[in-house]
Every structure is written in C-alpha cells, then in structure tokens.
1. Tell me, yes or no, whether the range 153-169 has at least one residue that is modelled with pLDDT under 95 and touching a strand residue (DSSP E or B) at 6+ places or on another chain (Cβ under 9 Å).
2. Please state which of the following conditions Ser265 fails to meet, knowing it meets all the rest: (1) surrounded by 18 or more Cβ atoms within 10 Å (Cβ to Cβ); (2) farther than 30 Å from Ala106 by Cβ; (3) among the hydroxyl-bearing types (Ser, Thr, Tyr).
3. Sort out which residues of the range 214-248 are among the small types (Gly, Ala, Ser) and in a strand (DSSP E or B), and write them in order of number.
4. How many residues are in a loop (DSSP other than H, G, I, E, B), over 17 Å from Lys7 (Cβ atoms) and of a type outside the set (Lys, Arg) if we restrict to the range 249-291?
5. Do we have any residue at all in the range 602-615 that's among the small types (Gly, Ala, Ser) and at pLDDT below 95?
6. Which condition breaks for Leu229 when tested against (1) under 21 Å from Asn11 (Cα atoms); (2) of a type outside the set (Ser, Thr, Tyr); (3) surrounded by fewer than 24 Cβ atoms within 10 Å (Cβ to Cβ)?
7. Which residues, taken from the range 518-559, are touching a Pro at 6+ places or on another chain (Cβ under 7 Å), without any contact (Cβ under 8 Å) to a residue 60 or more places away in the chain and either aliphatic (A, V, I, L, M) or not in a loop (DSSP other than H, G, I, E, B) (or both)?
8. Regarding the range 574-588, can at least one residue be identified that is closer than 25 Å to Pro388 by Cα and in contact (Cβ under 8 Å) with a residue 60 or more places away in the chain?
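The values are calculated or read from the model by the stated rules, or taken from the named source; none is laboratory data. Everything numeric here is computed off the predicted structure, so don't read it as measured data. No Cβ is skipped: glycine too gets one built from the backbone with ideal geometry, and neighbour counts run over all protein chains shown.
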Amino acid sequence: MATYDTKHLRNVALLSHSGTGKTTIGEAMLFACGAIGRMGKVEDGNTVSDYEPEEAKRRSSMQMSVLPCKWRDHKLNVLDTPGYWDFVGEEVSAVRAADAAVLVVAAQAGVEVGTEDAWQRCQERGLVRMVFINKMDRENADFGRSLDSVQKAFGKQCVAIQAPIGAQQSFKGIVSLLSPPADAPEAILGEVQRLRERMIEAVAESDDELATKYLEGQEITQEELLAGLKKGVMAGQLTPVMVGSAVAGQGIKELLDAMVDLLPSPADVQPAEATKPGGNEKVRLAADPNGPLVAQVFKTSADPFVGKLSYFRVYSGTFKADSQVWNATKAQAERVAQVFVPMGKTQESVPSLAPGDIGAVSKLMITSTSDTLCLRENPLLLSPITFPEPVYTAAIAPKGKADVDKMTTSLARLTEEDPTLHMTREPMTAETLLAGMGETHTDVAVEKARRKFGVELLTGLPKIPYQETISAPAKVEYKHKKQSGGHGQYGHVFLELAPMPRGGGFEFAEKVVGGNVPKEYIPAVQKGVERTLPEGAVAGFPLVDLKVVLYDGSSHPVDSSGMSFEIAGAAALKKGVMEARPVILEPVMRLEVTVPDAFAGHVVGDLNTKRARILGMTPQSGTTVVEAEVPQAEMRRYVTELRSATGGRGRFKMQFAHYAEVPQHIAQRIVDDAKREKVGA
C-alpha cells in the first residue's frame, strides 16, 4: 500500500449499539473502493472485520478491526468496533485513535443505548461526528422516525443531508439534499424540500455570513452551502445524517465521499499534548513529518502467525521500519523491524507512516496498550488511555493437570491483549479470578485461551471469602495427653478468648505465673493457635479479630514437648471459639449505581431484596446515582441483572468496603454448604 501524507488521511471510528450493521458497512466500504473482490457476510462468518472464530460463532464483533480504504486519493482508516457492552474496551481504544466517528443507527430500531454511550464517549473526546441510518431495506424501516430518534437523543444539530427513495422492500436509492436531482420522484419532493430547508437553516445558523444572507432572503449557492456545512461539522455545531443500506451497497460511496469532504484530517484537529517524563511541561504535537516522533499503542493483539501485534497511531514525526524507538512509558528501547498497515487479520508491509496514520508493528518485547513510543533523545509521554474497570468476576480453574502450568501464562497474555480483563489471585479462597465487563466477556476469553494457547479452563462463580470471629469472651481448658509406651505426650493449657474490633486482626499474649507452662513451650502454644487461624473452627473460614491469652496450664517433666503444647493450643482455640458465640463475617461492597431517573425506584427496590443498606440518592440531570452497601454474595451476577432491568442503561462501580456479620439464618446455610463441600472434596 502506498504511503499517504497527513492531509490525505482520515481516521474514522464506526460506533453504535450491537446489531446496527457496522461490520457490513465496513465490508461494503472495502468492496466499494476495490480492496476486496466480493462482500462477505456476518452470517457466514467471512467478513474482513470479524475474523476471529469466536466472532464467526456468535455472528457479532468482539474486537476492533482496522479497515484501510483508498478513496479519491485519500486513505480512510476505518475502525470497526463491537457494539456489545462486554467489549467496550475496543470502542474506547478506537475513539482514542480516531479523529471522527460515524454513529450507525438501524432504521427499524432508532437510537439504542449503545449508540447513546458511544455519542457520549465521542463528546468527551471532542470527536467530529456523522450519523448513518442503515438497513433502509429492512422490514419496519422508517427514515422519518429514525431521524426524529436521532434528534431527540443528540439534539437538533443533527440534520439530514440525504433523503431515501422508498423504504423496506421498495427502497430504491438516495437523494442528496445538497444538490437534489431534477428528476427526483414526485412522491418525495415535498419531504425533500422540507428537509433541505431545515438543512439550509441549520447551516446558516452556524455561520454569521450565511445567516445574514438567509435572513435577507438571498440565495445561498451550492459552494457556500457545502463550505458552511463543513465548517459547522468541523466545529462540532452540525452532525450530518446520512442514509442507506450496507447490504445493498446503497449510500456507501456517498458515505465515503462525505468522509473525505466533511471530516477532518489529522492536521485539522486539535494537536495532541505530551509531557516530558518526570515533568509537567506540556508539548503540543503538530502533525509534522519532521517533528519529534511520538506514537501511541492503542491496541495489542496476540496474532497466531506474527506473534504479538501492537496497533499504534502516529501523532508526530515519521514512524519508520527497521529502526529503534524508545518506550517512554517503561523507559526502555524497542526494536522495530517491519511496519504494517493492517486490514482485518492481514498486514501489508510499508516503509514508513506519516503523522496521523495508523499502523501495526510485531514482536515488541515490553510495549503494551497505552504506551508511548518516541525517540530516546527526545522522550515524550502521551496521557494513558483510561479503560473502564471490570464489573463481573469469574473463578477460573484448569480442566486437567496438563493445563495447570499453562493457565497463568495464557491468562496473562489475554489480559495484556485486553486491558478490561484483569486476573487476580484470591488468597483466602485460593481461586484464580478473571474479571471483565460481563459473563460473555470472560467466556470469550476462555475460548481464546483454548484456541490460541491450547489450555482448557473451567469457569464458575467465585467463592465468597467469608471469615469467622467470636462475639463474646470465653475461657477454655484443654489437656492433650497421650501414652503409647515410652515417652508420651502431655500439654495442658488454659486460654482466654476475647473479641477485637472489626479489622483488629489477631493478637496473642500470655500471663502465666509460677512456671505452670514452661517458657520454652509458650511459643509452641502460640504456633498451634496461629496454625489454626486459617482453618477456622466453624466452617473452615479464616479466624480474625480476636485476642488469645494463655493464662495457665501444666506440664509433665518427661512427656511434655513443644509438639504437645502446639497440639493443645490448636485444640483449645477450636474449643474456645465454639463457646464464644462464633459468627460468620462476609465482605460488604460499596456500590454506586447510575441509572436514568425512571429506573431509580426499581433499582432501589431490587437492592433492598439483596440486603443492601441504601446510603443516598443523588439526581444528576436525567440520571440518579444510588449509593449503597451490599454484601458481595448478592452481587456476583449484578451486571447482568442491572442491564436486564434498565435496558442496558444502568452502570455501576463497586469496591470493597468492610466485613460485617452475616444474619444467623443465612450463616447457618453458609456453614452447611461449607461442610457439604468439604465432604464432597
């Protein structure tokens, strides 16, 4: 592929709710510009974008793909993204790398929640936007209703620049409102005229000179209209709405034209800002091929053929093959062999990439997503990409002995590839946990581990890390005495147990008088007590928040030993706990749920069924933030439940708050379950 200068580049993300046809639009674009000889179908699993087997199986995008389209001497880097929330990290990466976005709306459904989220993300990044109403040939397609939906969701700044000829089975084509043809069908002339008047009015409102001409009744020329439209789009004051059917190839060439004519090149957008490592000095990065090299990795992929593949965007300077770059984030050098232009799963080698362009490089040793690549003599750092925190956790276990060694390394590779996946080890339950954006997200990760790294993994809900403690003081005596011929065993202790404040931990003390327990055996008693803490006394959960005092005992001149007193200490603690009103403690999470106002009551009612303590509700311009404390045991599937209850519009953040006592009727069930599991094991 030829190299392109910055002015002839466009970086455009395709964003929307799942199922609107983004992948088919990308496929139709590649076909229209001659990059592929025939269009693949999502249903057949043979599109350029959805090349992973997991995507073909589910007929849905799960990762971002780069689709370079050559159109009118320009290179359009089209970033096709998943619309399903579980893979929102891919959308975050695309929005970071893009300068503009096309938000896709299905003509039969209107604006859906995923598209609203994407719009908000673009607004936060200041991206120029267009809307494409797709699937005009489908049953129940309604352009007018969809346009109303777009304007209601995103504002009157969204103006149609095209109108459809017919709909559903009678959808025959598109009329440009910028230059309506003289032979437009009579049935749509009235609608075309109305939409054109609205467009001219919106363009005039965004330009003072055109506003004056419009108000004075003067004619606005075709050139002035197009220039005013582009100016309004670039300023973020106008969002053009286009229409078509990707499956039928209708409206795709017009969409490509609009990307060239109306969307900014990397040279037209606000320059990115970088800082020097260790300082706060800001450096504005002009898209200058002779400037300092600065590029950022926005996606990492484990490719089975070329190894680790790092996708990057150049912000300044020229990124050259066969060179050395400096990873300013990790302060280490990296060797660059070949530079690729990716297209789906294939890559084409190029000698260099201009500022603003998007490419990939393989086999970087230490570089990961979000890292900044530059020159060692002029290190500069771009702000890291902020990915959403995981909200769903699954317990992961190897299926067989052969998978034990490979599990950790394969999961580490997957979490490097996807920053919204986190792997941790829960020491209290001895489980490996994989956290992601939803159940589908973690399931797909497990499928990838099997396919890419040959490791078979089992998933399930994680165990809750319960604890045990006491709620009353107690005194206990235990004598360990065993005679078996020759030296016997003798250890006799009196322990005093007392509860400590929540989070107080464990404390051991002794106040033995008269040498009843010889001093050399006191550490053995302490060792026996501490050895028992992780095992618990009630249900096998760790013992916490108690103080143990050794205050008396007795010994035998021949049979006593350190081991005897260690056994006595352990047994005494277990006996004492059962006499000190033992309780089960559970982790309680601090929860913050953000939902549209209409769902706030339902969310609070649902949380009340989960033993939640509602801390407050804060209205925020159409949404309500509900704060609560909820037992972790009630929240393991909350991401799925909240999405179902709010139509996907609810979001939440959750973090550990503290441990609290489990109600008695629930505690008994937990104890019974733990004992059954122990017997089963």
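1. For the range 153-169, residues modelled with pLDDT under 95 and touching a strand residue (DSSP E or B) at 6+ places or on another chain (Cβ under 9 Å): present.
2. (2)
3. Let us first name the residues in the range 214-248 that are among the small types (Gly, Ala, Ser), namely 217, 227-228, 232, 235-236, 244-246, 248.
Scanning the range 214-248 gives a single hit, Ser245.
4. Residues flagged as in a loop (DSSP other than H, G, I, E, B), over 17 Å from Lys7 (Cβ atoms) and of a type outside the set (Lys, Arg) within the range 249-291 amount to 7.
5. Step one: filter the range 602-615 for residues among the small types (Gly, Ala, Ser), giving 605, 612.
Narrowing further to those that are at pLDDT below 95: none.
No: zero hits.
6. (3)
7. Leu533
8. Filtering the range 574-588 for residues closer than 25 Å to Pro388 by Cα gives 587-588.
Pick out the ones that are also in contact (Cβ under 8 Å) with a residue 60 or more places away in the chain and you get 587-588.
So far as the range 574-588 goes, yes, one or more of its residues are closer than 25 Å to Pro388 by Cα and in contact (Cβ under 8 Å) with a residue 60 or more places away in the chain.
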